[in-house]
Amino acid sequence: MKIINQNLFIDGIDKKILRALMNDARTPVLEIARQVGISGAAIHQRLRKLESSELLSGSKFVINPKALGYTTMAFIGIFLDKAVDNPTAVRQLKKIPEVLECHYTTGNWSILIKVLCKDNEHLMQVLNKNIQAINGVSRTETFISLDQQIDRQIEI
C-alpha cells in the first residue's frame, strides 16, 4: 500500500476501483468487482474506507449547461476595497446562482470567480446588477472563456 497522507492508504486495487468510477460513476459495483477480481462486498468495504479517509468527496451527475442555454463561461477577478470585506463579499456572491466557483487568491485580485451565463448580455447584467453592486467591490476584471479545452480530475 502507498501512503498518500496520514489517514489514507491506497493500493493497486483501490486505484482500479477509483479509475473505474472516475470513468463512469454509474458503473455497477459487481461489474467493477469482476474487472478487479474481488467480491462486491470487498468493493463496498474499500469504498467506505476511501470515503471515511475523505479521498472521495461525493458523487454527482454533471449537467450539460449548453443543453439549458448557458453558453457564456467567464472568469472574473474581483478587486475589494479592503481585505476585511472578503467574508461579506463571499456571502453575497453565494446568493448569485450564476457564480459556480469562488477562490480567495494571491496577486492583484482579492477573489476570482467562475460564472456561467446564457450569453454576453446576461453576463453584463450579472456583472452590473449583482457583482459590482456588492459593498466593498471596487472593480472587476472579466475574461470570457472561448472554449474549455481540458476538463479532468487529478490522476490516480
Working only within segment 32-66, note down all residues that are surrounded by fewer than 15 Cβ atoms within 10 Å (Cβ to Cβ), within 27 Å of Asp151 (Cα to Cα) and not basic (Lys, Arg). Gln35, Glu51, Ser52, Glu54, Leu56, Ser57, Gly58, Ser59, Phe61, Val62, Ile63, Asn64
Please tell me if Leu93 is of a type outside the set (Val, Ile, Thr), surrounded by 12 or more Cβ atoms within 10 Å (Cβ to Cβ) and either assigned by TED's automatic domain parsing to the domain that holds Asp14 or within 19 Å of the chain's Cα centre (by Cα) (or both). yes
Are any residues in segment 120-147 touching a Phe, Trp or Tyr at 6+ places or on another chain (Cβ under 6 Å) and closer than 23 Å to Val84 by Cα, and if so, which ones? Ser138, Arg139
Selection from segment 131-151 of residues more than 18 Å from Pro65 (Cβ to Cβ) and without any contact (Cβ under 8 Å) to a residue 60 or more places away in the chain yields Ile131, Gln132, Ala133, Ile134, Asn135, Gly136, Val137, Ser138
Among the residues that make up segment 67-86, is at least one of them closer than 27 Å to Asp151 by Cα, surrounded by fewer than 10 Cβ atoms within 10 Å (Cβ to Cβ), without any contact (Cβ under 8 Å) to a residue 12 or more places away in the chain and not acidic (Asp, Glu)? yes
Considering only segment 95-148, how many residues are in a loop (DSSP other than H, G, I, E, B) and touching a helix residue (DSSP H, G or I) at 6+ places or on another chain (Cβ under 7 Å)? 6
Condition first: closer than 18 Å to Tyr70 by Cβ, free of Cβ contacts under 8 Å to residues at least 40 places away in the same chain and among the hydrophobic types (A, V, I, L, M, F, W, C). Now tell me which residues in segment 105-130 satisfy that. Ile113, Met124, Val126
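The values are calculated or read from the model by the stated rules, or taken from the named source; none is laboratory data. Worth saying up front: this structure is predicted, and the values here are computed from it rather than measured. Heads up, the Cβs are rebuilt from the backbone with ideal geometry, glycines too, and the neighbour counts pull from every protein chain shown.
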